[in-house]
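Student: Structure in structure tokens, see below.
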Amino acid sequence: ILNVEQSPQSLHVQEGDSTNFTCSFPSSNFYALHWYRWETAKSPEALFVMTLNGDEKKKGRISATLNTKEGYSYLYIKGSQPEDSATYLCASPHYKLSFGAGTTVTVRA
Amino acid sequence: DVKVTQSSRYLVKRTGEKVFLECVQDMDHENMFWYRQDPGLGLRLIYFSYDVKMKEKGDIPEGYSVSREKKERFSLILESASTNQTSMYLCASSFAGGGQPQHFGDGTRLSIL
């Protein structure tokens, strides 16, 4: 089983501050890295699917980078807003998609 | 937009009952998945299917079975519900290939009394 780990488990951010958190995964036989945002009372929503080493993707104030050689991805939130409060999940497929436990972000106004 | 519909948002059943959770997707996706989510444990895969009548065990298949008779519908069956199956259940679908994002339903919060 592929082990995908996320850190920290949770973090609190002041509105307007920027933050980032990590997803680590075994680098052997890498295929892709997925990021999802899961807001309370909603379903998880795909943010990015990344496949190339050095790839960087951006969606509004959220961006992600990928290092497949060392097996990590960072997700960045610039100028956090209350609506960014959610659990952010990363996942990597082996023969199936394995999810990390998530980083729960709480943005305080 | 992709729509993944789960039959119930909330469900309460009794120990020993046979429970059916239904999931329908409208985007002709080949792959369909059932997960459960428990606090601190993230999403854990129960079963998945990559084609009609095909199924593969995930990480925690014990106590569950699935059925995929039509491409758009994937059912999760709790053969004899137990209290440790109280959880949030999420269905997802995607096109074939590990580089395809998954699209999730709203989830079913199942309580077994």
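The values are calculated or read from the model by the stated rules, or taken from the named source; none is laboratory data. Only a predicted model underlies this, so the values are computations on that prediction, with no experimental measurement involved. Cβ sites come from the backbone with ideal geometry, for glycine too, and all protein chains shown count toward neighbours. Note: areas computed on protein heavy atoms with side chains; ligands, DNA, RNA excluded. Shrake-Rupley method; radii C 1.70, N 1.55, O 1.52, S 1.80 Å.
Student: Taking B:GLU56 as meeting all but one of (1) modelled with pLDDT under 95; (2) surrounded by 18 or more Cβ atoms within 10 Å (Cβ to Cβ), write down the number of the exception.
Tutor: Every condition holds for B:GLU56 apart from (2).
Student: Quick one: count up the residues across the stretch B:78-90 that are within 11 Å of chain A (Cβ to nearest Cβ) and buried (at least 16 other Cβ atoms within 10 Å of the Cβ).
Tutor: Final tally of qualifying residues: 1.
Student: Identify, from the list A:SER98, A:SER80, A:SER73, the residue that is at pLDDT 95 or above and part of a strand (DSSP E or B).
Tutor: The conditions single out A:SER73.
Student: Here are A:ASP84, A:ASP55, A:ASP17: which of them is surrounded by 14 or more Cβ atoms within 10 Å (Cβ to Cβ), of a type in the set (Asp, Glu) and away from chain B (no Cβ under 13 Å)?
Tutor: Numbers: A:ASP55 fails: away from chain B (no Cβ under 13 Å); A:ASP17 fails: surrounded by 14 or more Cβ atoms within 10 Å (Cβ to Cβ).
Every option except A:ASP84 fails the conditions.
Student: Considering only residues that are facing chain B (nearest Cβ under 8 Å) and charged (D, E, K, R), which ones fall in the stretch A:20-49?
Tutor: Within the stretch A:20-49, A:LYS42, A:GLU45 qualify.
Student: Now a separate question. Restricting attention to the stretch A:20-38, which residues are under 18 Å from A:TYR76 (Cβ atoms) and surrounded by fewer than 18 Cβ atoms within 10 Å (Cβ to Cβ)?
Tutor: A:ASN20, A:THR22 - these are the residues of the stretch A:20-38 that are under 18 Å from A:TYR76 (Cβ atoms) and surrounded by fewer than 18 Cβ atoms within 10 Å (Cβ to Cβ).
Student: So, of the residues in the stretch A:67-80 that are open to solvent by 10 Å² or more (accessible area, probe 1.4 Å) and in contact with a strand residue (DSSP E or B) (Cβ under 6 Å, 6 or more places away or on another chain), which turns out to be farthest from B:ASP59 (Cα to Cα)?
Tutor: The first filter runs over the stretch A:67-80 and keeps only residues open to solvent by 10 Å² or more (accessible area, probe 1.4 Å), leaving A:67-70, A:72, A:74, A:76, A:78-79.
Those left that are additionally in contact with a strand residue (DSSP E or B) (Cβ under 6 Å, 6 or more places away or on another chain): A:72, A:74, A:76.
Working: A:TYR72: 23, A:TYR74: 26, A:TYR76: 30 Å.
Looking at residues that are open to solvent by 10 Å² or more (accessible area, probe 1.4 Å) and in contact with a strand residue (DSSP E or B) (Cβ under 6 Å, 6 or more places away or on another chain), I get A:TYR76.
This table checks each residue for (1) among the hydroxyl-bearing types (Ser, Thr, Tyr); (2) out of contact with any Gly (no Cβ under 6 Å at 6 or more places or on another chain).
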{"position": "B:VAL4", "(1), (2)": "no, no"}
{"position": "B:VAL19", "(1), (2)": "no, yes"}
{"position": "B:ASP26", "(1), (2)": "no, yes"}
{"position": "B:TRP34", "(1), (2)": "no, yes"}
{"position": "B:SER65", "(1), (2)": "yes, yes"}
{"position": "B:SER75", "(1), (2)": "yes, yes"}
{"position": "B:SER80", "(1), (2)": "yes, no"}
{"position": "B:GLY98", "(1), (2)": "no, yes"}
{"position": "B:GLY107", "(1), (2)": "no, yes"}
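Student: Between a residue in the stretch A:94-109 that is facing another protein chain (nearest Cβ under 8 Å) and on the phi < 0 side of the Ramachandran plot and any residue that is open to solvent by less than 10 Å² (accessible area, probe 1.4 Å) and at pLDDT below 85, which pairs come within a Cβ distance under 9 Å, given they are 6 or more apart or on different chains?
Tutor: Close Cβ pairs (under 9 Å, with a partner that is open to solvent by less than 10 Å² (accessible area, probe 1.4 Å) and at pLDDT below 85) amount to A:PHE99/B:GLY42; A:GLY100/B:GLY42; A:ALA101/B:GLY42.
Student: For the stretch B:1-19, check the following and say yes or no: at least one residue is more than 30 Å from A:GLN9 (Cα to Cα) and aromatic (Phe, Trp, Tyr).
Tutor: No.
Student: Of the conditions (1) within 14 Å of chain B (Cβ to nearest Cβ); (2) in a strand (DSSP E or B), A:THR65 satisfies every one except a single condition; which number is it?
Tutor: Condition not satisfied by A:THR65: (1).
Student: With (1) free of Cβ contacts under 8 Å to residues at least 40 places away in the same chain; (2) in contact with a strand residue (DSSP E or B) (Cβ under 6 Å, 6 or more places away or on another chain) as the list, and A:GLY54 as the residue in question, which single condition is left unmet?
Tutor: (2)
Student: Acidic (Asp, Glu) and more than 15 Å from B:PRO101 (Cβ to Cβ): which single residue out of A:GLU45, A:GLU39 fits that description?
Tutor: Exactly one residue qualifies, and that residue is A:GLU39.
Yes/no per residue for (1) more than 11 Å from every other protein chain (Cβ to nearest Cβ); (2) within 26 Å of A:SER92 (Cα to Cα); (3) not in a loop (DSSP other than H, G, I, E, B):
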residue: B:LEU45; (1), (2), (3): no, yes, yes
residue: B:VAL52; (1), (2), (3): yes, yes, no
residue: B:GLU62; (1), (2), (3): yes, yes, no
residue: B:VAL66; (1), (2), (3): yes, yes, yes
residue: B:LEU76; (1), (2), (3): yes, yes, yes
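Student: Considering B:GLN100, B:GLN37, which residue is under 15 Å from A:PRO44 (Cβ atoms), open to solvent by 10 Å² or more (accessible area, probe 1.4 Å), touching a residue at least 60 places away in the same chain (Cβ under 8 Å) and not in a loop (DSSP other than H, G, I, E, B)?
Tutor: B:GLN37 is the lone residue from the list that is under 15 Å from A:PRO44 (Cβ atoms), open to solvent by 10 Å² or more (accessible area, probe 1.4 Å), touching a residue at least 60 places away in the same chain (Cβ under 8 Å) and not in a loop (DSSP other than H, G, I, E, B).
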